[in-house]
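Here the structure comes first, spelled out in structure tokens, and everything after it is commentary.
The values are calculated or read from the model by the stated rules, or taken from the named source; none is laboratory data. In this text, all values refer to a predicted model and were calculated from it rather than measured experimentally. Neighbour counts run over all protein chains shown; Cβ positions are idealised from the backbone, glycine included. Surface areas here come from the heavy atoms of the whole protein model, side chains and all, with no ligands, DNA or RNA. Shrake-Rupley method; radii C 1.70, N 1.55, O 1.52, S 1.80 Å.
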Amino acid sequence: MSEPVTLDEPRSSRRRFFALGASAAVGLAASQTLEAQRPKSRGAGPFPNGQPTSNAPDPSAAWSDPVLRLVRRITMGVSPSEVVLARQLGYAGYLDYQLRASVIDDSAIETLVASRLPMTQMPLAMLATQDGNEVNNQLADATWYRAAFSKAQLRERMVEFWTDHFTISLNKVGYLKLVDDRDVIRANALGTFPELLRATSQSAAMLRYLDQNLSRTPTPNQNYAREIMELHTLGVDGGYSQTDVAELSRILTGWTTAGAGTFAFNRNFHDRNAKTFLGRSFPAMLATATDTQMKAEGEAAIQMLVEHPSTAAYIALKMARWLLAYEPPQAVVDATAATYVATGGDIKAMIRTILSGKNLMAAPAKYKRPFHLAVSSLRGMGAEVVNIRAARQRADQMGMPVFMWEQPNGYPDRVDWWSGLVITRWSYMQYLSTQNSATTTRVDSAAFRVPDTADGVVAQIATRMFGGELSPALRTQLLTYLRAGTYSDARVRETISLAGSAQEYQWF
């Protein structure tokens, strides 16, 4: 990959700026695909595949401030207030603050969500009677509001992680996903993995998504039994067989849903014959066995998955990939797995293990997925949002509408998957930077014009969108663009858009 974006000609133009970026992006996509197939050694460093591209410099090489690195990694995007808070608290203090999400005063955003999106507060029975499209929209809008404006930013990052880990397609389950998001994922995002797994195993949305509600003896559906091992706990190479899938599906017969969408155990669906799962025998049951005894078979099997060494290793690897690097050092994964075992799967403790200052400062940058990029631009541009729906739906053109991934493996967390959509990313930056609506979204360009000069605008961009760590090269490029034409509000907004489109803004 060549240098991402350059404006080294006296008469730079916006088209020229984008053209250079496009060339860089093509190189990025190609190089990342190759790199994904053939990992390259980075030498003696702890990250064997550390550089984000094979030819371009890692943008994180210029990120010298550990606190700012932490802000980038555990929030949905840099904002001036977040950076100020983090620097006041310091690395350890800011991480502690974000890990204690339950005591963060998030009443402002929660009040806003409750007032503007009342369906998010409705009980199940009432939700079931509402317009399905509007329920879906309010769930997506609430997700965006919280991601962009919640003070508990690490919780939002982990909500996104667990939403992918326990993927449920909104298209298949409708309003049940709103209940799952509210009562399962958000409620347990920073709790313990065993409690989160148990909650998902009794989520009507999950059971319907993976057809567990249709599973009954003598022909049980194996979808949920397979995915709870392959994707939720052990991992595809976690040491189970197809026989274990079949046996677990028999154990879980009777786990279903009832009414508008509540978990239920139906004894008439349950297989009472003897089973063997992961080497453990489950004896046959008498017809007089109670519902509690029958359901306990499934609970015991899930506990076996929670305690299996492969689960500790698999969850540790996925969390390290999410929070640290696409290819985290094995030592970090092993230490995180050990934390899982020692703490009973405490998610906060695992995050502490992964995000030590030493680990994070050695980690390469990661590429923002479309949702992350769009939300980070809202934060970086200081967007004032009255109704987020239009901005959200416009961002969906980048290919990542929330809750719409159909497969049970979640949206990919891989640079090669997303790096080919660069034109839509630039288009979104151009769209957002020009918003000036009192009823939807407004980017106040006046905030960037302090002082109202080219130097002042670029200084504000550096502070607001990059936390002060704007590379000299990009600073020069932005200044060159601003000075090449008539200074105006439109020119300032274009420059903000270009900053958001720049290669280094794509990484975190």
**OP:** Give the residue that is nearest to Val135 (Cα to Cα), with candidates limited to residues of the stretch 77-103 that are among the hydroxyl-bearing types (Ser, Thr, Tyr) and surrounded by 15 or more Cβ atoms within 10 Å (Cβ to Cβ).
**Re:** Ser79
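Open to solvent by 50 Å² or more (accessible area, probe 1.4 Å), over 20 Å from Trp405 (Cα atoms) and touching a Phe, Trp or Tyr at 6+ places or on another chain (Cβ under 8 Å): is that true of Arg272 in this structure?
When the stated conditions are applied, Arg272 does not pass them.
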**OP:** Answer yes or no: is there a residue in the stretch 398-421 that is part of a helix (DSSP H, G or I), hydroxyl-bearing (Ser, Thr, Tyr) and buried (at least 22 other Cβ atoms within 10 Å of the Cβ).
**Re:** no
Original post:
If you go through the stretch 450-457 one residue at a time, do you hit one that is of a type in the set (D, E, K, R), at pLDDT 95 or above, buried (at least 20 other Cβ atoms within 10 Å of the Cβ) and at negative phi?
Top reply: no
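Here's the yes/no breakdown for (1) modelled with pLDDT under 95; (2) open to solvent by 20 Å² or more (accessible area, probe 1.4 Å); (3) not polar (S, T, N, Q):
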{"position": "Asp105", "(1), (2), (3)": "no, yes, yes"}
{"position": "Ser115", "(1), (2), (3)": "no, yes, no"}
{"position": "Leu127", "(1), (2), (3)": "no, no, yes"}
{"position": "Asn133", "(1), (2), (3)": "no, yes, no"}
{"position": "Ala148", "(1), (2), (3)": "no, no, yes"}
{"position": "Met158", "(1), (2), (3)": "no, no, yes"}
Original post:
Does Met126 satisfy the condition of being under 24 Å from the mean Cα position of the chain (by Cα) and more than 29 Å from Met465 (Cα to Cα)?
Top reply: no
Original post:
If only one of Ala447, Ala502, Ala395, Ala438 is aliphatic (A, V, I, L, M), within 23 Å of the chain's Cα centre (by Cα) and either surrounded by fewer than 18 Cβ atoms within 10 Å (Cβ to Cβ) or within 30 Å of Ile168 (Cα to Cα) (or both), which one is it?
Top reply: Ala395
Original post:
Of the residues in the stretch 464-480, how many are in a helix (DSSP H, G or I) and either modelled with pLDDT under 95 or of a type in the set (A, V, I, L, M, F, W, C) (or both)?
Top reply: 6
Original post:
Looking only at the stretch 468-484, which residues are among the aliphatic types (A, V, I, L, M) and open to solvent by less than 30 Å² (accessible area, probe 1.4 Å)?
Top reply: Leu470, Leu474, Leu478, Leu479, Leu482
Original post:
Taking the condition closer than 20 Å to Glu504 by Cα, touching a residue at least 24 places away in the same chain (Cβ under 8 Å), open to solvent by less than 30 Å² (accessible area, probe 1.4 Å) and under 24 Å from the mean Cα position of the chain (by Cα), does Arg464 pass?
Top reply: no
**OP:** Specify the residue that is farthest from the chain's Cα centre (by Cα); the eligible residues are those in the stretch 201-229 that are surrounded by 23 or more Cβ atoms within 10 Å (Cβ to Cβ), among the hydroxyl-bearing types (Ser, Thr, Tyr) and closer than 18 Å to Lys275 by Cα.
**Re:** Ser215
Original post:
Consider Asn387 against the criteria (1) assigned to a helix (DSSP H, G or I); (2) within 19 Å of Phe149 (Cβ to Cβ): it satisfies all of them except one. Which criterion is unmet?
Top reply: (1)
Original post:
If Ala362 satisfies every condition in (1) within 21 Å of the chain's Cα centre (by Cα); (2) within 30 Å of Ala331 (Cα to Cα) but one, which is the exception?
Top reply: (1)
Original post:
Name the pairs: first residue in the stretch 172-198 and under 28 Å from Ala313 (Cα atoms) and free of Cβ contacts under 8 Å to residues at least 24 places away in the same chain, second residue in a helix (DSSP H, G or I) and open to solvent by less than 20 Å² (accessible area, probe 1.4 Å), Cβ to Cβ under 7 Å, at least 6 apart or on different chains?
Top reply: Val184/Thr200
Subject >> Qualifying positions in the stretch 230-254 - open to solvent by 10 Å² or more (accessible area, probe 1.4 Å), outside any loop (DSSP other than H, G, I, E, B) and either farther than 27 Å from Met285 by Cα or not hydrophobic (A, V, I, L, M, F, W, C) (or both) >> reply: Glu230, Leu231, Gln242, Thr243, Asp244, Glu247, Arg250
Subject >> Selected residue (only one of Ser471, Ser488 is hydroxyl-bearing (Ser, Thr, Tyr) and in contact (Cβ under 8 Å) with a residue 60 or more places away in the chain) >> reply: Ser471
